Amino acid sequence: MANSLAAEITKRSRSNFYYSFLLLSPLQREAMHVLYAFCRNTDNIVDEIGDHTAKSVKLKEWAAELVNALHGQSAIPLLNQLRDVIRQFAIPSEYCFELIKGVEMDLAKTRYRTFEELYRYCYRVASTVGLMSIRIFGSQSEKAKGYALKLGIALQLTNILRDVKTDAAKGIIYFPQEDLQRFGCSEEDILQKHLTPQFIELMKFQCARARYFFRQAEETLGQEHHRLFFSAKIMAAIYFRLLERIEQAGYDVFRKNITVPRWYRIWLSLRIWTQHQFLTAP
C-alpha cells in the first residue's frame, strides 16, 4: 500500500522521472518511486505557503525524522520505506541529508554570485539524487558516480532555464550574478520578464553550459554501464530535448510554455529501452 502511494506521488507529479521509471524491474521501480516521493515531499516543504522560518523548522523536523528512521523507526511511513531502500541498495544516507540542505538553500538564497555557488546547489538538489539512483540501477563504480554527478548538474541547469519566469515571480534568480554582469543583463530585465538582446545572450551561454554537462556525463559513462543505466539515459534524453526546445523558442521562456509532449516522452522511453536491451546485449 505504501509503495503504491509512493508510485502515485510520482505519477501525479507528471514528472519526467515517471517515464524513466516505467521500464525498470518491479524491485527497482518501487525503490525509485520511494526515492522520488522522498525528494518530492522534501521540495513540498519549501514550496508550501508559509514563512521561511516555519519552513526551516519543518525541514529540520523532516531531517530529524529521517535520523529516527535510519536508527529504528520513524512516525512517517515513507521515511521507513526509504530506510529499507537505503539498506537494500547500500545507498550512503549522507546523500539524503545533502538533498535536504540543498532544498533549504532555497529558503536562504535568492541570488548566486558565482557558478561555483550555483554548482553546489545543483549538486545538492540533483546530483545527490543521481548518486542514489545509480545504486538502485546496479552500480557504484567511479565512472557511474561521475556520470550521476555531471548529469545531475545538466538536468538542474535545464530546469533553471525552463523555470526562469516561475522563479522570477518568487524573486529568485539562479543565474550567477557574474554572468549577468558579463552579458550586461540586469536583474530587473529578468524580474520584469523583458526579452532583451542581453537576456538572449545570457540564455545562449547558460544553454551551452548545460550542453557541456550533458556531453561530459555521456563521455564519462562506460560502455559497460549502458544497459544498467537506460532509465538515466531516458531522463537525459527528455531533458536534452527540453533544452533544445528552449533554444528553438528563441530563448523566450517568458511568453512560451516550454515542454516536451507526453507522446514524445513515451516514444523516447521505448526507443531507448529497446536500444539498450537489444543493441547493447552481449
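The values are calculated or read from the model by the stated rules, or taken from the named source; none is laboratory data. This one's a predicted model, so the numbers in the text were calculated from it and none came from an experiment. So basically every Cβ, Gly included, is an ideal-geometry build from the backbone, and we count neighbours across all protein chains shown.
Could you tell me whether segment 247-261 includes any residue that is modelled with pLDDT of 95 or more and either assigned to a helix (DSSP H, G or I) or not assigned by TED's automatic domain parsing to the domain that holds ILE153 (or both)? Looking for residues that are modelled with pLDDT of 95 or more and either assigned to a helix (DSSP H, G or I) or not assigned by TED's automatic domain parsing to the domain that holds ILE153 (or both), one finds at least one in segment 247-261, hence yes. Out of the residues in segment 28-37 that are under 15 Å from the mean Cα position of the chain (by Cα) and touching a residue at least 60 places away in the same chain (Cβ under 8 Å), state the one that is surrounded by the most Cβ atoms within 10 Å (Cβ to Cβ). My answer is LEU35. Within segment 65-82, the residues that satisfy the criterion of being surrounded by fewer than 21 Cβ atoms within 10 Å (Cβ to Cβ) and not hydrophobic (A, V, I, L, M, F, W, C) are GLU65, ASN68, HIS71, GLY72, GLN73, SER74, PRO77, ASN80. Summed over segment 75-123, the residues that are assigned to a helix (DSSP H, G or I) and of a type in the set (S, T, N, Q) give a count of 3.
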